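Below is one structure; the comments refer to it alone.
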Amino acid sequence: MMLTWHTMQRPWVARAGVIVLLLCFWEAAARWWVDPMFVSPPSRVIASLPALFDTRGLPAALRVTLWELAVAFALSVAIGLAIGLAVGLQPFARKSFMPIVLLLYGTPQVTILPLFVLYFGIGPASKIVFGVSHGFFPIVMTVVAGVQNIKPILLTSAHAMGASRWQILRYVVFPHMIPSFFAGMRLAMTGVLLGVLLAELYVSTAGIGHFTTLFTQNFDPTRLLGLISVLAAMAIVLNEIVRRAELHFSRWHSE
Amino acid sequence: MSGNQGETRLASRAVQVAFLIALLVLWYLATTRWRVSPLLLPNPLVVLRDFWSILITGEFIGDLRVTLTEFVSAFGIAASLGLLFGYLIGRSQYRIQIFEPLFAGIYSVPIILFLPLYVLLFGLGPASKIALGATIGFFPIALNTIAGFGYVDRTLVIAANSMGASDLQLFRYVLLPAALPIILTGMRMGFTVALLSIIGSETIASLAGLGHRIVYLAEGMEMAPMFAYIAFVVAIAAILNTLVSALEARGRRR
């Protein structure tokens, strides 16, 4: 009895207990109280996961979505880094253009989602561009903040010792930018996931948005919940990769 | 020195204004001189005229009412549940250790994924949007309330207790003032994401509302009114966000 009380006091045990309790509640609700047309119990969702992957075209749709996420993330980082350095390295450029960047960042991009589809079609291109529009702002912000925090004396002394522009970037600016840059990458991943998934849900022919619509219209909660779980797991893995990278590199910096 | 700084500020203002004017001029030239199809980019003057007529005729009122009603309900649910759970969890270190990682974990998943499920459960009407806005708004509010109440300086609490403060006094004079700034930040974050998700979910699947209106115009290729409505929604969002930021700043000062 003592022993169980002690294990209960460990937070992660209790946390697991809460999760199990919620799952049990969901299972009970889906089995006895709610119309099976709308909700499906977790046991059935998990059992039908193999069948979900047998759905014709679904593995390909997941691949398309993953590809869109990867391209959108890479473009966000590249564009964000370029704009961030261009705006951040010069105090005058920073003062002039940061308010414009902040203004654009503050406008709700979802309102122009239909425009992206009109311009870039209903294929992967519009999802990628929409994902980039969500992903590159955090990178710009953190790159500018990171560049701003470099002590001017470092830049001056590197300059005085005859470092070229590229050498200053490579040996002074980049190493100092890395922690905030990785924090920006984490935010960018969140943004890219949101942007790409929003665009997928809005209109999609080949990606997962097609299947969420299909399963919703067919009142097939088992496969819908399965697909949502798979996507959520994908998002968690992607976020975790970026978070680990951030931890790794910021530890390196502080040493 | 200060004169020099004033000059720089003036110069950067000039750059900003010039940038925006250049953008508008380019837009105007693209539609008139370079013959970009009005199906892709409408003439800015036509957009301005449509914007004005939308304001004058008041045809936006129906959609605005739908969107705002959904938003107010969603934010109300998110704020009351977020504050309640945040307070209950934040008052004990043990409960913080159990629930905070759980909430933070769910918050890191793109909650927009729940939208198809909510549409299945609650239909295409306002209910599914309210559910999504409430879910998305709940987490920043709850997490910040947990942080606010959870990390009040222990010395303050012990001091108040030893001086014989009642529970109510402790809450009113120690816990609340310490937690309020963080809670207000959470409320503002919840406000913004709830508003965005309401408009976003209206764009994806709905029967009415401002997001639905934009999609409807896009599908009809009515570009000028669509741009006008986009400007209208951006303006509404900007006004609401400015209002809530001002409220937050006021709440912090007290």
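The values are calculated or read from the model by the stated rules, or taken from the named source; none is laboratory data. None of the values given here were measured: they were computed from a predicted structure. We place every Cβ from the backbone using ideal geometry, glycine too, and count neighbours over all the protein chains shown.
Each row is one residue, and each column tells you yes or no for (1) more than 7 Å from chain A (Cβ to nearest Cβ); (2) farther than 26 Å from A:ASN218 by Cα.
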| residue | (1), (2) |
| --- | --- |
| B:GLY105 | yes, yes |
| B:VAL119 | no, no |
| B:LEU124 | yes, no |
| B:ASN144 | yes, yes |
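Counting residues that are within 14 Å of chain B (Cβ to nearest Cβ) and either of a type in the set (Val, Ile, Thr) or farther than 30 Å from A:ASN218 by Cβ (or both), which helices (runs of 4 or more DSSP H) fully inside region A:1-95 reach at least 2?
On the way: elements: A:2-9, A:11-28, A:42-47, A:49-54, A:58-88.
Counting at least 2 such residues, we get A:2-9, A:11-28, A:58-88.
The residue list A:ARG223, A:ARG165, A:ARG244 contains one member that is out of contact with any strand residue (DSSP E or B) (no Cβ under 6 Å at 6 or more places or on another chain), more than 14 Å from chain B (Cβ to nearest Cβ) and basic (Lys, Arg), which is A:ARG165. Looking at A:ILE122, is it outside any helix (DSSP H, G or I), away from chain B (no Cβ under 11 Å) and closer than 30 Å to B:PHE227 by Cβ? Here the answer is yes, as A:ILE122 does meet what is asked.
Results for (1) touching a residue at least 24 places away in the same chain (Cβ under 8 Å); (2) closer than 27 Å to B:VAL46 by Cβ; (3) at the interface with chain A (Cβ under 10 Å from one of its Cβ atoms); (4) surrounded by fewer than 16 Cβ atoms within 10 Å (Cβ to Cβ), shown as yes or no for each residue.
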residue	(1), (2), (3), (4)
B:ALA179	yes, no, no, no
B:ARG188	yes, no, no, no
B:ALA194	yes, no, no, no
B:ILE199	yes, yes, yes, no
B:TYR216	no, yes, yes, no
B:GLY220	no, yes, no, yes
B:PHE227	yes, yes, yes, no
B:PHE232	yes, yes, yes, no
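If you check every pair at least six apart or on different chains, which have Cβ atoms under 6 Å apart with a residue in region A:228-239 that is at the interface with another protein chain (Cβ under 7 Å from one of its Cβ atoms) and touching a residue at least 24 places away in the same chain (Cβ under 8 Å) first and a residue that is of a type in the set (Val, Ile, Thr) and outside any helix (DSSP H, G or I) second? Partner pairs satisfying both residue conditions: A:ALA235/B:VAL109.
Tell me whether region B:33-47 contains one or more residues that are in contact (Cβ under 8 Å) with a residue 24 or more places away in the chain, surrounded by fewer than 16 Cβ atoms within 10 Å (Cβ to Cβ) and within 12 Å of chain A (Cβ to nearest Cβ).
Initial filter on region B:33-47 (in contact (Cβ under 8 Å) with a residue 24 or more places away in the chain): B:38-43, B:46-47.
Now narrow it down to the ones that are surrounded by fewer than 16 Cβ atoms within 10 Å (Cβ to Cβ): B:38-40.
Next cut, within 12 Å of chain A (Cβ to nearest Cβ) only: B:39-40.
Yes; the residues of region B:33-47 include at least one that is in contact (Cβ under 8 Å) with a residue 24 or more places away in the chain, surrounded by fewer than 16 Cβ atoms within 10 Å (Cβ to Cβ) and within 12 Å of chain A (Cβ to nearest Cβ).
So B:TYR28 passes all but one of these: (1) within 29 Å of the chain's Cα centre (by Cα); (2) of a type in the set (Ser, Thr, Tyr); (3) outside the structural domain of B:PRO140 (by TED's automatic domain parsing). Which condition number does it fail? The single condition B:TYR28 does not satisfy is (1). May I ask you to list the residues in region A:128-160 that are surrounded by 15 or more Cβ atoms within 10 Å (Cβ to Cβ) and of a type in the set (Ser, Thr, Tyr)? Answer for region A:128-160, where residues must be surrounded by 15 or more Cβ atoms within 10 Å (Cβ to Cβ) and of a type in the set (Ser, Thr, Tyr): A:SER133, A:THR142.
Counting just the residues of region A:177-235 that are touching a His at 6+ places or on another chain (Cβ under 7 Å) and surrounded by fewer than 22 Cβ atoms within 10 Å (Cβ to Cβ), which one comes out farthest from A:LEU81 (Cα to Cα)?
Applying the first criterion (touching a His at 6+ places or on another chain (Cβ under 7 Å)) to region A:177-235 yields A:178-179, A:191-192, A:194-195, A:204.
Still in the list and also surrounded by fewer than 22 Cβ atoms within 10 Å (Cβ to Cβ): A:178-179.
Working: A:ILE178: 11, A:PRO179: 14 Å.
The residue in question is A:PRO179.
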